[in-house]
Amino acid sequence: LLAGFGSLMQDVLWCFSQVKGTTDTGVTESDIISTVEFNHTGELLATGDKGGRVVIFQREQESKNQPHRRGEYNVYSTFQSHEPEFDYLKSLEIEEKINKIRWLPQQNAAYFLLSTNDKTVKLWKVSERDKRPEGYNLKDEDGRLRDPSMITVLRVPVLRPMDLMVEATPRRVFANAHTYHINSISVNSDYETYMSADDLRINLWNFEITNQSFNIVDIKPANMEELTEVITAAEFHPHHCNTFVYSSSKGTIRLCDMRTAALCDRHAKFFEEPEDPSNRSFFSEIISSISDVKFSHSGRYIMTRDYLTVKVWDLNMENRPIETYQVHDYLRSKLCSLYENDCIFDKFECVWNGSDSVIMTGSYNNFFRMFDRNTKRDVTLEASRENSKPRAILKPRKVCVGGKRRKDEISVDSLDFSKKILHTAWHPSENIIAVAATNNLYIFQDKVN
């Protein structure tokens with residue numbers, strides 16, 4: 001990858017770093033990973049699950065024996081971020097499932113991250129404590145209050161070393177601003193504000209103000225029977241704090257500029273690819289719905305993921321994408337059965353590598369796809385326990401459609417649609433990726449010679 005991506009495409013030179021999780025047998029719904037996110041340095045990796053838990057992994061420092069090989073990711077902190085709730089006014093259960101996690105850039109010794117379920121966004125502070133104060137005047141070592149009349153000597157408390165403890169404390173709770181389910185949160189480049197998006201509205205928040213937000217997009221029609229599309233994802237531009245983009249279930253992308261108007265109902269740019277009439281089918285509208293939208297690190301491009309493809313758009317060209325990559329075109333003939341088992345509504349994410357030269361997204365059968373934008377090569381890899389031995393090299397997988405099947409190929413009819421890679425993350429500067437497969441987190445890194 002990066003400079004050595006050509007060799008990766010030929011030999012798939014990836015080695016397994018570590019797998020976190022339990023065995024696939026006896027998986028409960030609450031254990032399923034629902035989001036994965038590296039922080040800005042790549043030293044920390046956070047996962048959220050359907051049980052409302054956040055697990056943070058920290059990268060070990062390089063050892064003296066192997067100075068050129070960085071350590072593995074090990075559990076750093078685990079905490080319950082959200083609890084199940086019940087809306088008594090609407091008789092509605094609110095799941096604890098973590099929909100998205102977004103890190104804030106580190107300003108001091110502590111780490112800060114945003115996590116959200118369907119209704120409530122929380123700002124968490126994750127900090128370390130390796131010293132504790134001792135020698136209080138008004139209470140003893142067990143914490144019991146002492147009789148002030150018995151205190152005859154004034155003591156100065158001192159800090160004593162203790163075992164390292166990682167604490168996660170909620171600093172802000174941003175609630176009661178969304179009628180519909182939150183699908184996206186994005187931190188602005190000014191680091192003072194962030195936005196949260198649901199099916200019909202996008203709200204802008206200030207980190208210091210929890211009791212009110214500013215509605216910047218509202219596509220709710222006066223008559224809900226006239227509703228034709230919903231917001232599926234939204235993200236701020238990485239460098240321009242006034243610009244953001246959001247995608248819709250109609251396969252369109254709108255770029256908005258907050259300087260033009262307080263309510264960004266009128267977009268600055270509108271990205272849409274005309275549909276090929278020859279490909280028109282009953283499922284066209286469903287598979288054209290965009291499940292994820294991401295700005296490139298440079299801010300020049302937008303990447304979108306629909307059911308069958310990943311597309312790269314240039315901000316200066318609205319009428320069609322400059323690149324289109326087929327993720328699993330062999331499923332085009334299976335759309336009817338995928339509709340019946342609801343898989344056609346799965347929402348796959350997509351990610352850039354650190355230099356925007358490679359993109360990655362998930363598929364079924366625990367497959368994930370990588371596309372080199374420079375060489376136009378692509379590869380299909382599999383995240384599974386069978387090939388997850390330490391230092392093992394991942395071999396490319398191929399799917400055959402009909403006809404004779406080669407030894408190393410897998411038939412499209414034998415794909416397991418219950419095993420799907422929906423959530424992936426890429427280290428911001430190195431060739432390390434994290435792939436969530438049901439309740440397991442796989443971490444792969446570039447081969448170290």
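The values are calculated or read from the model by the stated rules, or taken from the named source; none is laboratory data. Note that the structure is predicted; figures quoted are calculated from it, not measured. So basically every Cβ, Gly included, is an ideal-geometry build from the backbone, and we count neighbours across all protein chains shown. Just the protein is used for accessible areas: all its heavy atoms, side chains included, with ligands, DNA and RNA removed. Shrake-Rupley method; radii C 1.70, N 1.55, O 1.52, S 1.80 Å.
First check a/c for the range 222-267, with a ≥ b ≥ c the square roots of the eigenvalues of its C-alpha gyration tensor; if it is under 1.5, answer rounded, and if not, answer prolate when a/b is larger than b/c or oblate otherwise. Judged from the Cα gyration tensor, the range 222-267 comes out oblate (a/c at least 1.5, b/c at or above a/b). All C-alpha pair distances within the range 260-350, sorted into 10 Å bins from zero, spread as 14, 43, 30, 11, 1 percent across the bins. Structure remark: mean-square fluctuation, Gaussian network model of the chain, C-alpha springs under 10 Å; the largest value among K419, K220, K90 belongs to K90. Converting phi to 3J(HN,Hα) with the Karplus coefficients 6.51, -1.76 and 1.60 and the offset θ = phi - 60°, the range 361-368 yields 8, x, 8, 9, 6, 6, 8, 9 Hz in sequence order, with x at every glycine or proline. The mean of 1/r over all distinct Cα pairs in the chain, once inverted, gives the Kirkwood hydrodynamic radius of 23.9 Å.
Pull out a ≥ b ≥ c, the square roots of the eigenvalues of the alpha-carbon gyration tensor of the range 62-184, then state rounded if a/c is under 1.5, prolate if not and a/b is larger than b/c, and oblate in the remaining case. It is oblate, given that a/c is not under 1.5 and a/b is not larger than b/c. When the chymotrypsin sites (Phe, Trp or Tyr not before Pro) in the range 313-373 are filtered for DSSP coil states and for at most 15 other beta-carbon atoms within 10 Å of their beta-carbon, no site remains. From largest to smallest, the equivalent ellipsoid semi-axes obtained for the range 189-290 from the alpha-carbon gyration tensor read 28, 16, 12 Å. Counting only protein heavy atoms and a 1.4 Å probe, the range 282-414 has 47 square angstrom of accessible area per residue. The translational diffusion coefficient of the range 125-198, from Stokes-Einstein at 37 °C and 0.692 mPa s with a Kirkwood hydrodynamic radius over alpha carbon pairs, comes to 191 µm²/s. Shown for the range 165-285: the carbon plus sulfur share of the solvent-accessible area, taken with all protein chains present and a 1.4 angstrom probe, equals 48%. Determine the shape class of the range 265-418: with a ≥ b ≥ c the square roots of the Cα gyration tensor eigenvalues, call it rounded for a/c under 1.5, and otherwise prolate if a/b is greater than b/c, oblate otherwise. Note, shape of the range 265-418 comes out oblate.
GNM on the chain, alpha-carbon springs under 10 angstrom: the most fluctuating residue among L381, L164, L394 is L164. Taking the protein heavy atoms of the range 297-343 in the context of the full set of protein chains, the accessible area attributed to carbon and sulfur is 45 percent at 1.4 Å.
Globularity index of the range 344-449 is 1.09 (Cα radius of gyration / 2.2 N^0.38 Å, N = number of residues).
Each stretch of four or more DSSP H residues adds -39500 (n - 2.57); spread over every residue of the chain, this sum gives -1000 deg cm²/dmol at 222 nm. Across the chain, the longest run free of exposed loop sites, meaning GluC sites (Glu not before Pro) lying outside DSSP classes H, G, I, E and B with no more than 12 other Cβ atoms within 10 Å, spans 276-449. For the chain, with a Gaussian network of springs between Cα atoms less than 10 Å apart, report the residue from A222, A392, A436 with the top mean-square fluctuation. Comparing A222, A392, A436 in the GNM, the peak value goes to A222. Amide H to amide H distances under 5 Å link T380 with R397, where only residues 5 or more positions off or on other chains count and H is placed in the peptide plane.
Applying a threshold of 19 Å to the alpha-carbon distances of K250/K347; K90/K119; K50/K334; K398/K419; K122/K347 flags K50/K334; K122/K347 as lying beyond it.
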